[in-house]
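Please read the structure below before turning to the comments.
The values are calculated or read from the model by the stated rules, or taken from the named source; none is laboratory data. All values derive from a computational prediction rather than experimental measurement. Glycine gets a Cβ as well: all are built from the backbone with ideal geometry, and neighbour counts include every protein chain shown. In case anyone asks, the SASA skips ligands and DNA or RNA and just uses the protein heavy atoms, side chains included. Shrake-Rupley method; radii C 1.70, N 1.55, O 1.52, S 1.80 Å.
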Amino acid sequence: MSEMKFTKDHEWIRLDGDVATVGITDHAQTALGDVVFVELPEVGRIVTAGEACAVVESVKAASDIYAPISGKVVEVNHALSDNPGLVNTSPLADGWFFRLEPSDAAELEALMDETAYAAYLETL
Amino acid sequence: MTEVLLATPLEPLHRRLGARLVPFAGYAMPVQYPAGILAEHTQCRTKAALFDVSHMGQARVEGPAAAEALERATPADLVSLALGRQRYALLTTDAGGILDDAMIARLAEDRFFLVLNAARKEVDLARLRALLPSSVTLTPLEDRALIALQGPVAEAVLARAGAEEAVALPFLGVAETRVAGFPVLVSRSGYTGEDGFEISVAAEDAIALVEALLADPDVAPAGLGARDSLRLEAGLCLYGNDIDETTSPVEAGLVWTIGKRRRVDWDFPGAERIRRELDEGPARRRVGILPEGRQPARAGTEVLAADGTPIGTLTSGTFGPSVGGPIAMGYVASPFAGDATPVELSLRGRLVPARIHPLPFVPHRYKRSSRTS
């Protein structure tokens, strides 16, 4: 299992073998507040890095979730449909959004590691 | 450039309680505390929640024939308002739009107390100054806080705080009394659909009073986020969203705020439009809308008829925690305003089925007077 990487939009991504799992960070779920709805991409959809491909809604507002890297959506977390609060209670594990087959795993290198993301949060 | 925000007298307490403060109507206001909007909403529906609403305008109007004078600004019947009672009233524009919605209480024959929306208080005060005769004085009460204690155990909480007189009030009753030993002006009213109280207190006593109430284990603080989901479930209008200067009391379904005598004399601002719409029926009406599925539909969402024709717009929309799903309010063309009419909502490029739903979404639980006379 590789290390977790982070985007400036507060998504995390972690490559396990050939498949990368995407979710939002603890900072993101705290800022959103109680999540009440998640719209997930269709399995099979081809996404490019930075493309809006999911929606997360709290009581107050809707926010886009962006693909951290390019690839093909191979799985989505159906548990979020019935229990969107998993995004709040377990953002880095059970609250994952979707899984991607990267078109170029090297794109991960451009993302922040945990230390860099923590430093980035300090600047906000 | 940073906007300079006003602070309510309770702001230091909000910070201590870990509130997330956001700009609202020029004030730094708590949108939520660490418990979160869902928990704060449920707290209000099951126990008691305490809200800081000190950003709202408070004003006193007094002088000979103050009731008649105030009626120059509103179609509400204030002449017949009993002492110690409060009424929901619209301030109307000359064109028949809604300048603001307000709570107006009669404290004495010729002395009234007004609660105005934060974003509208300056507009309201200017309007009242222009309309009131010089013998009637209008005094903004800027050195007072306003807190709302709402929920099914709010009454028990005030009883434990030694506020017997407040506890004895019926719905929309008002009294100058004491709560937890502090002199207050309390009314049995609110913006959540629950039984509850709004308490006006001197700014210097506000933190001590709120700390005394929060010491009760059945009370927790709640922010503007929960206030919004609670009022929308209760079908109550938010000024600036659901009503404004372009909407009339008839379109908004608020004709019940117009006194019977006023509908004989037609002597209030905007009477011409309001009378015409009552006679002919308004072109559009405010309705509740229940979207299918779980995705919240927000203000600004277009409403379509089943055949795809645009028929209106949502003015409020959120997730209703007590409903357990999305709820909305908006205006639709009158032929589509009947209960259970199927409509569609344009949500992020997709059409989501919805239907017109009677308001409120969650039944009101006000403390109605039980007197039989």
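Computing FRET efficiency as 1/(1 + (r/R0)^6) for A:A118 and A:T89, where r is the C-beta to C-beta distance and R0 is 30 Å, gives about 0.90. Ligands, DNA and RNA aside, A:K5 has an accessible area near 30 Å² when probed at 1.4 Å.
Kindly state, to the nearest 0.05, the FRET efficiency for B:A203 paired with B:E165, given R0 = 30 Å and r defined as their beta-carbon distance.
Details: r = 22 Å, r/R0 = 0.74.
Approximately 0.85, to the nearest 0.05.
With Rh defined as the Kirkwood radius, the inverse of the mean 1/r over Cα pairs, the Rg/Rh of chain B is 0.96. If I take all pairs of Cα atoms in the range B:42-105, what percentage of them are more than 17 Å from each other? Result for the distance tail: 53 percent.
Taking 0.36 nm per residue of separation and subtracting the current Cα-Cα distance, fully stretching the chain between B:E109 and B:A126 would add 3.7 nm.
Taken as Cα centroids, the range A:54-124 and the range B:198-264 sit 38 Å apart, rounded to the nearest whole angstrom.
So if the hydrodynamic radius of the range B:51-200 is defined as the Kirkwood radius over C-alpha pairs, what does Stokes-Einstein give as its diffusion coefficient at 10 °C and 1.306 mPa s, in µm² per second?
Working: Rh = 15.6 Å.
Here the translational diffusion coefficient equals 102 µm²/s.
Label separation (B:F24 vs A:E101): 4.8 nm, computed from points 7 Å beyond Cα along the C-beta direction. Under a 10 Å cutoff between Cα atoms, tell me which one of B:D265, B:D205, B:D101 has the largest fluctuation in the Gaussian network model of chain B. Judging by the Gaussian network model, the answer is B:D265. Across peptide A:29-36, the mean count of Cβ atoms from other chains lying within 10 Å of each residue's own Cβ comes to 5.
Total lysine pairs in the protein assembly as shown at Cα distances under 29 Å, for residues eight or more apart or on different chains: 10. Between the range B:8-35 and the range B:38-53, what is the separation of their alpha carbon centroids in Å? Answer, in whole Å: 15. Computed from Cα atoms alone, the Kirkwood hydrodynamic radius reported for chain A is 14.3 Å. Applying the criteria of a DSSP loop state and at most 13 other Cβ atoms within 10 Å to the trypsin sites (Lys or Arg not before Pro) of the range A:6-65 yields A:K8. Counting only Cα atoms, the size of the range B:240-373 along its three principal axes is 49, 38, 25 Å, in decreasing order. Here the simple spin-label model places points 7 Å from the Cα toward Cβ, and for B:R263 and B:T313 these points are separated by 2.9 nm.
Counting, for every residue in B:322-329, the Cβ atoms of other protein chains within 10 Å of its Cβ and taking the mean gives 1.
Taking the protein assembly as shown on its own, what percent of its Cα-Cα pair distances exceed 28 Å? Can you show the working numbers first?
On the way: 72474 of 123256 pairs.
That tail contains 59 percent of the Cα-Cα pairs.
Given an 8 Å cut-off on Cα distances and at least 6 residues of separation, report the relative contact order of the range A:28-124 as a percent.
Working: 162 pairs, mean separation 25.2, N = 97.
Reported as a whole number, the value is 26 percent.
Label zone of B:W256 (point 7 Å out along Cα→Cβ, amide N under 15 Å): in the range B:144-184 this covers B:171-172.
No solvent, one uniform scatterer per C-alpha: report log10 I(q)/I(0) for the range B:283-357 via the Debye equation at q = 0.17, 0.22 1/Å, two decimals. Once normalised to I(0) and log-transformed, intensities are -0.50, -0.86. Scanning chain B for GluC sites (Glu not before Pro) that sit in a DSSP loop and have at most 12 other Cβ atoms within 10 Å, the longest stretch containing none of them is B:143-373. Projecting label points 7 angstrom from Cα along Cα→Cβ for B:A7 and A:T30 puts them 2.2 nm apart.
When you filter the GluC sites (Glu not before Pro) in the range A:28-124 for DSSP loop state and at most 10 other Cβ atoms inside 10 Å of their Cβ, you are left with A:E42. Using a Förster radius of 51 Å, what is the FRET efficiency between A:D18 and B:A340 based on their Cβ-Cβ separation? Nearest 0.05, please. E(calc), rounded to 0.05, equals 0.50.
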